[in-house]
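As structure tokens, the structure follows; a few thoughts come after it.
Please treat every number below as a calculation from the coordinates, not as lab data. Keep in mind that what you see is a predicted model, and the values were worked out from it rather than measured. Quick reminder, even Gly has a Cβ in these numbers, built from the backbone with ideal geometry, and neighbours come from all protein chains shown.
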């Protein structure tokens with residue numbers, strides 16, 4: 001890295017830290033009018049930095065921290081998920097405005113659907129159903145020509161949610177400008193196991209031979225196969241400060257850039273998204289070479 005780039009990165013790091021301090025609740029209490037103005041300036045500063053650069057074509061999101069956010073605010077866990085859903089609508093709009101073509105959201109993990117209590121699962125299913133219906137009824141799909149795909153262990157999903165999935169996939173199937181993938185009751189290991197089973201079945205019936213099996217063939221048996229060259233995320237963003245993947249897109253993210261953000265999902269801001277994209281743009285992608 002050149003000396004000039006190093007100095008620019010150091011400058012940006014200092015500016016980021018200053019704004020992180022200013023945006024803490026304790027600081028905001030005394031300096032709110034000043035902070036509101038400075039936040040707007042800082043957001044524009046970040047936007048100017050990223051808008052001319054190479055944008056990720058596919059962004060995957062692990063929106064973590066809804067429950068912890070709710071508890072820290074003295075709210076029921078249900079409220080955390082509700083605020084998380086509202087934040088997802090905001091962030092999708094931000095991504096569309098930035099021209100991102102593919103977004104993959106980790107809505108519920110396989111483990112969530114197996115181990116969470118029935119009340120919490122039903123609350124999440126209801127929120128997801130509401131989100132799908134909102135996409136259908138508010139013109140978002142039509143405006144941005146979004147093709148929606150829902151994948152995972154869908155036999156674990158409530159029937160009314162599956163009905164909404166069927167409807168939105170059918171009504172958006174002819175769009176190809178943008179893609180929204182919703183991982184529901186999804187697990188990366190489970191996806192790979194299912195792919196192996198389906199490949200084995202096709203070998204047994206003579207559709208393919210063992211010698212046909214390759215990385216390119218396996219890609220055709222996984223959930224993001226409909227995306228073709230866009231099937232692998234360029235950037236994966238995880239919130240809440242946790243630095244792990246949690247069984248998400250294990251095949252697809254082999255060479256993705258990972259960004260871990262130290263805020264709970266309901267507190268995720270536009271500046272956090274812009275910082276993630278700026279970080280992505282400053283990395284040299286080597287694809288294992």
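Odds and ends about this structure:
- Here the peptides 280-286, 108-114 are ranked by packing, the mean other Cβ count within 10 Å, and the order with the highest first is 108-114, 280-286.
- Per-residue packing, averaged as other Cβ atoms within 10 Å, sorts the ranges 236-242, 214-220, 118-124 into the order 236-242, 118-124, 214-220, beginning with the highest.
- Computed from the C-beta positions of residue 189 and residue 229 and an R0 of 25 Å, the FRET efficiency is 0.55 to the nearest 0.05.
- Cα centroid separation - segment 243-267 against segment 76-149, whole Å: 17
- Annotation: extensible slack from residue 162 through residue 71 equals 29.7 nm (criterion: 0.36 nm per residue apart, minus Cα-Cα distance).
- Separation in nanometres of the label points that stand 7 Å from Cα toward Cβ, at residue 89 and residue 9: 3.9
- In the chain, the longest principal axis of the Cα atoms and the axis of helix 77-97 are about 90 degrees apart.
- Length-normalised contact order of the chain in % [C-alpha pairs under 8 Å, at least 6 apart]: 25
- The C-alpha atoms of the chain define a longest principal axis, and helix 25-51 lies at about 60 degrees to it.
- When peptides 175-184, 135-144 are ranked by their average number of other Cβ atoms within 10 Å per residue, the highest-first order is 175-184, 135-144.
- Helix 3-22 vs. the chain, principal-axis angle (Cα, 0 to 90°, nearest 10): 80
- Spin-label pair residue 174/residue 44, simplified geometry with 7 Å Cα→Cβ offset, distance in nm: 4.2
- Only one of (i) 47, 46, 44; (ii) 69, 49, 35; (iii) 193, 50, 31 was calculated from the structure for Cα extents along the principal axes in Å, and its label is (ii).
- In a fully extended conformation the segment linking residue 246 and residue 120 would gain 43.4 nm over its present Cα-Cα distance, using 0.36 nm per residue.
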